[in-house]
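I have placed the structure first, in the form of structure tokens, so that the comments after it can refer back to it.
The values are calculated or read from the model by the stated rules, or taken from the named source; none is laboratory data. What you are looking at is a predicted structure, and each value in this text was computed from that prediction instead of being measured. Because the Cβ atoms are built from the backbone with ideal geometry, glycine has one as well, and the counts that use them run over all protein chains shown.
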Amino acid sequence: MQIINPATEEVIEEIAEDSAEKISDKYQLAKAAQPLWAAVPVEKRIACIQHFYDLLDEEKDKLARTLTAEVGKPLQQSYNELKGAKARIDFFIKHSAKWLADEWITEEDATREKIVYEPLGVIANISAWNYPYLVGVNVFVPALIGGNAVLYKPSEYATLTGLHIQRLLYKAGVPQDVFQIIIGKGAAGQALLDLPLDGYFFTGSYRTGRYIAEHTASKLVPVQLELGGKDPLYVM
């Protein structure tokens, strides 16, 4: 698969796509690793994400240049996206421990009831090309904090950015089998739909979202779709 700069049409890099068999192997690794990750105290999982947050800032120049090269947005917009992504990560860092804490409903003499929040398991995060950091952290950050394993498929137009995300998460302390990138185009996405995952989270077109909804309905697992969008544009 060729990574092409849309502004210059230059081939930046060539990367091998994941086969369906390789994606299945990644799922098996994630499935085995997820219970161990869920057993890590939430404070330590949050600390890993805090380290990831810090690394985004430390490497912002490199990350912004890569994003601009493969997606085509102006460099300042790439910096802005990283800034927005960090703000969202900061929100999850500050509030997740409270949200994930056991919630006591009744504490009477004869009855004690509480709500315990447990991870889903292994989830797919199929992300978009236009804001790969911004829409990605909305899913994989709370998923990881919550004790889930993530199979993260960036758009084929933002693959290098996805690889940077994976590298920084590993550097921050997230175990390698807990977060794995899926490299490829539509066939890679289809391979994810064919797996017995515990949740699907997609950002992209209405057409693809509808296809995902139809092909995951029988699984009876959470499916979250953020579809389409219309932004105003002034041409001067």
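For segment 178-188, how many residues are within 14 Å of the chain's Cα centre (by Cα) and outside any strand (DSSP E or B)?
Applying the first criterion (within 14 Å of the chain's Cα centre (by Cα)) to segment 178-188 yields 178-183.
When the remaining residues are screened for being outside any strand (DSSP E or B), the result is 178, 182-183.
Adding up the residues that qualify gives 3.
Kindly evaluate residue 149 against the criterion of being crowded, with 18+ Cβ neighbours inside 10 Å and not charged (D, E, K, R).
Details: crowded, with 18+ Cβ neighbours inside 10 Å: yes; not charged (D, E, K, R): yes.
Yes.
Given 160, 144, 192, 225, which one is over 13 Å from the mean Cα position of the chain (by Cα), surrounded by 22 or more Cβ atoms within 10 Å (Cβ to Cβ) and not in a loop (DSSP other than H, G, I, E, B)?
Being over 13 Å from the mean Cα position of the chain (by Cα), surrounded by 22 or more Cβ atoms within 10 Å (Cβ to Cβ) and not in a loop (DSSP other than H, G, I, E, B) holds for just one of 160, 144, 192, 225, which is 192.
Pairs, please: C-beta under 7 Å, at least 6 apart or cross-chain, first residue under 16 Å from residue 119 (Cα atoms) and surrounded by 13 or more Cβ atoms within 10 Å (Cβ to Cβ) and in segment 86-101, second modelled with pLDDT under 95 and not basic (Lys, Arg)?
Going by the 7 Å Cβ cut-off, the qualifying pairs are 100/117.
Grab the strands (runs of 3 or more DSSP E) fully contained in segment 1-119, keeping just those with 1 or more residues being at pLDDT below 95 and touching a Pro at 6+ places or on another chain (Cβ under 9 Å). If you could, list the steps in order and put the result at the bottom.
Values: elements: 2-4, 11-14, 103-107, 112-115.
In segment 1-119, there are no strands (runs of 3 or more DSSP E) which contain 1 or more residues that are at pLDDT below 95 and touching a Pro at 6+ places or on another chain (Cβ under 9 Å).
Search segment 195-205 for residues being part of a loop (DSSP other than H, G, I, E, B) and modelled with pLDDT of 95 or more, and hand back the single one that is surrounded by the fewest Cβ atoms within 10 Å (Cβ to Cβ). Even if it seems obvious, please write down each step before you answer.
First, pick out the residues of segment 195-205 that are part of a loop (DSSP other than H, G, I, E, B): 195-199, 205.
When the remaining residues are screened for being modelled with pLDDT of 95 or more, the result is 195-199.
On the way: 195: 20, 196: 10, 197: 23, 198: 18, 199: 21.
Here the residue is 196.
Search segment 53-75 for residues that are among the basic types (Lys, Arg) and pair each with any residue that is surrounded by 13 or more Cβ atoms within 10 Å (Cβ to Cβ) and in a helix (DSSP H, G or I) when their beta-carbon atoms are under 8 Å apart and the residues are at least 6 apart or on different chains.
Cβ pairs passing all conditions: 60/79; 60/82; 62/164; 65/75; 65/78; 73/67; 73/81.
Of all residues in segment 1-29, how many are buried (at least 16 other Cβ atoms within 10 Å of the Cβ) and touching an Asp or Glu at 6+ places or on another chain (Cβ under 6 Å)?
Matching residues across segment 1-29 total 2.
Checking residue 62 against (1) over 19 Å from the mean Cα position of the chain (by Cα); (2) basic (Lys, Arg); (3) farther than 30 Å from residue 10 by Cβ: exactly one of these is not met. Which one?
In the conditions (1) over 19 Å from the mean Cα position of the chain (by Cα); (2) basic (Lys, Arg); (3) farther than 30 Å from residue 10 by Cβ, residue 62 misses (3) alone.
Considering only residues that are surrounded by fewer than 24 Cβ atoms within 10 Å (Cβ to Cβ) and aliphatic (A, V, I, L, M), look in segment 103-134 and name the one that is farthest from residue 20 (Cα to Cα). Working first, answer last.
At the first step, the residues of segment 103-134 found to be surrounded by fewer than 24 Cβ atoms within 10 Å (Cβ to Cβ) are 103-121, 128-131, 134.
Of the ones still in play, those that are also aliphatic (A, V, I, L, M) are 105, 110, 115-116, 120, 128, 134.
Working: 105: 45, 110: 53, 115: 38, 116: 35, 120: 23, 128: 21, 134: 27 Å.
Result: 110.
With the checklist (1) surrounded by fewer than 21 Cβ atoms within 10 Å (Cβ to Cβ); (2) within 15 Å of the chain's Cα centre (by Cα) in hand, flag the one item residue 218 doesn't pass.
Exception for residue 218: condition (2).
Among the numbered conditions (1) in contact with a Gly (Cβ under 6 Å, 6 or more places away or on another chain); (2) of a type outside the set (Ser, Thr, Tyr); (3) outside any helix (DSSP H, G or I), tell me where residue 134 comes up short.
Evaluating residue 134 over (1) in contact with a Gly (Cβ under 6 Å, 6 or more places away or on another chain); (2) of a type outside the set (Ser, Thr, Tyr); (3) outside any helix (DSSP H, G or I) leaves (3) as the failure.
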